[in-house]
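Let me begin by presenting the structure, written as structure tokens, before commenting on it.
Every number here is computed from the coordinates shown, using simple stated rules; none is lab data. Here the structure is a predicted model, which is why all the values come from computation and not from measurement. Every residue, glycine among them, receives a Cβ derived from its backbone with ideal geometry; neighbour counts consider all protein chains shown.
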Amino acid sequence: MKKLFLLIVLLSLLAGCAKPASPAALTSHSLSPVPTPTPAAAKPPLAWDDLSPYKRAMLQGHEGDVEWVEQNLRPTHYQLVLTLDWPVRIGGREWVRYTNNEGVSLSEVYFRLFPNCPGWQDSKSVVKRVQVGGENAAFSLEQEDTALKVPLAHPLAPGDSVIFTLDFSVSIPQHGGGNYSIFAYKDNVLSLAHFYPMIPAYDDKGWHTELAPSYGDLTYSDTSFYYVRLRTTAPGLVLTTSGKILRDIVSSDGVESWDIASGPMRDINLVLSRDFHTASEDVNDVMVTSYYLTGDRGGGKRVLRYAADALADYCRQFGPYPFNELDVVETGTTAGGVEYPGMVAISDQFYQEIGGFLEFATAHEVGHQWWYSLVGSDQVNHPWLDEALTNYSAYIYTQDIHGNRYAGRVFKVFFQDTYKRAADMMDMPIGLPVSGYSQTTYGAIVYGKGAIFFHTLRRQVGDDTFFAILRTYFRRYRYRIATPQDFLHVAEEVSGKNLEPLFREWGAQ
Ligand SMILES: [Zn+2]
């Protein structure tokens, strides 16, 4: 996920009618949390070779992507049986089938426990038990309890798989929760970003367990499959998720149970509220649904319009969106917007706006479905590769929907003016890790200067070639992880030009 810092900084320039965020809610539940019951399930809900639920999350004609990903990428499979003690705690059991896709044997596997990140307030992820292949296993915590290390009794050879079982419980902040309130109960909305133990990416630098700065994105992970069974006794909740809700049952004793399956996705998010209303639109058979809060019907409808237009535009410009749902969800996040696979969260602070920031933020976050969700990248060490391209994608949307004149104003305000303010103090390359910037320069350089870099590349190669580069990059790396070198290679291959001097000039390496 990512946050739209730059746009928040610039909010006052394009929109002036944002309502203040609602005060933090503190319920009596937070004082007396109900213990999470031990899950009854001894086995995961699905057979490991059953891919049929994941295909149900795919757009017709893209079901074959599930088989392709399974055979070619050998992704991690997550199955979770969870109990939600609304709204204070979630926990249960996670089964994970992990395949070693690296060129070396692995003597340990890591799981990230993001709710333990410094800066996340009043959230705690506790793993009570780990099993490897059905046997209890030792584990230890590193990186301020955000990285759980499971040593393997026998190294996992390339191509081999292992099944982990983790019992875990996570307490949920009943106020902002830090880190842009992406994991919190706030404004009557429960947002559960990154709540489960997640295996990070392993690349030529090894396991990525580093602590990321709080103002950038945290996750760097491979495409996986998720099957989630979520239960709660709390009545009247509306659930929205990455992926698709396959089943929603309320038993005679009042237990509501949802079964959820993802397509090939690199994360899964769950968001719940008793206060959600919905509006939907079919875009080329993709069901786009806006979840909005009581009193924000107008904003909810506008967000639906922006998201539907962005989805259609990016499908045309970049390539197909393969999932049969895209959800745009109003939450209490203090970021302008945050992206997840198959889901976009937009801050409730901006739902009174018409156009302006609300529109640009929605177009930006929908753009992340291509750059982050489908084409993955190292968001911690190469944030420009997704954020700058996504911000430039929102400019492309603006051009296509509103024309060049309005897009020119957006370009000046959102990209040039912000970059200039930072450059007047200290110019920096666009290709640093998040930790290479302050919070202020991160937004200005990566989102502002980075977007101008893509515009400069477009000018240098011409419109047709530029869009051919983006389409080729998308087609080649969707469901995979791309590096800056990969993008340069595609750009040079498609354009037939030596673009290294340009990339080097902007620090895009
Ligand atoms: Zn972003």
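At a glance:
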item: Efficiency of FRET from Cβ geometry, residue 475 and residue 136, R₀ 60 Å, rounded to 0.05; result: 0.85
item: Dmax and Rg, reported as Rg then Dmax, of the range 312-386 (C-alpha, Å); result: 12.7, 35
item: Evaluated over the chain, the Cα radius of gyration and Dmax, each in Å; result: 21.7, 67
item: Whole-number percent relative contact order across the range 383-506, with pairs defined as alpha carbons under 8 Å at least 6 apart; result: 29
item: Dipole-positive endmost among 224, 202, 181 within the range 151-282 (Cβ charges, Cα centre); result: 181
item: Sorted largest first, extent of the range 383-506 alpha carbons per principal axis (Å); result: 36, 35, 28
item: Label-point separation, residue 500 to residue 211 (7 Å along Cα→Cβ), nm; result: 3.8
item: Rel. contact order, % - alpha carbon contacts under 8 angstrom, at least six apart, the range 139-295; result: 18
item: Rg ratio (alpha-carbon, reference 2.2 N^0.38 Å) - the range 257-379; result: 0.99
item: Karplus-derived HN-Hα couplings along the range 152-160 (A = 6.51, B = -1.76, C = 1.60, θ = phi - 60°), whole Hz, x at Gly and Pro; result: 9, 4, 10, x, 8, 6, x, x, 7
item: Stretch gain in nm, segment residue 144-residue 48, where the contour uses 0.36 nm per residue and the Cα spacing is subtracted; result: 31.3 nm
item: More than 22 Å apart - percent of Cα-Cα pairs taken over the range 89-215; result: 38
item: C-alpha center-to-center spacing [the range 480-509, the range 412-449] in angstrom; result: 20
item: For the range 288-346, the fraction of alpha-carbon pairs in successive 5 Å shells from zero, as %; result: 4, 19, 27, 27, 14, 7, 2, 0
item: The range 429-499: radius of gyration over Cα atoms, expressed as a fraction of 2.2 N^0.38 Å; result: 1.20
item: Length released on extending from residue 405 to residue 68, taking residue separation times 0.36 nm less the Cα-Cα span; result: 117.0 nm
item: Unit charges at the beta carbon, dipole of the range 383-506: most positive-side option, 419, 501, 399; result: 399
item: About the Cα centre, charge dipole magnitude for the chain (Lys/Arg +1, Asp/Glu -1 at Cβ), debye; result: 580
item: FRET efficiency, residue 424 to residue 250 (Cβ-Cβ, R0 56 Å, nearest 0.05); result: 0.40
item: FRET E, pair residue 285, residue 464, Förster distance 41 Å, beta-carbon r, rounded to 0.05; result: 0.90
item: Cα-centre dipole for the range 383-506 with unit charges at Cβ (Lys and Arg positive, Asp and Glu negative), debye to 20; result: 260
item: Percentage relative contact order, the range 288-376, counting C-alpha pairs under 8 Å, at least six apart; result: 31
item: Under the Debye formula (equal points on every Cα, no solvent term), log10 I(q)/I(0) of the range 298-439 at q = 0.19, 0.21 Å⁻¹; result: -1.23, -1.42
item: Equivalent ellipsoid semi-axes, the range 395-442, via Cα gyration tensor eigenvalues times 5, rooted, Å; result: 26, 12, 7
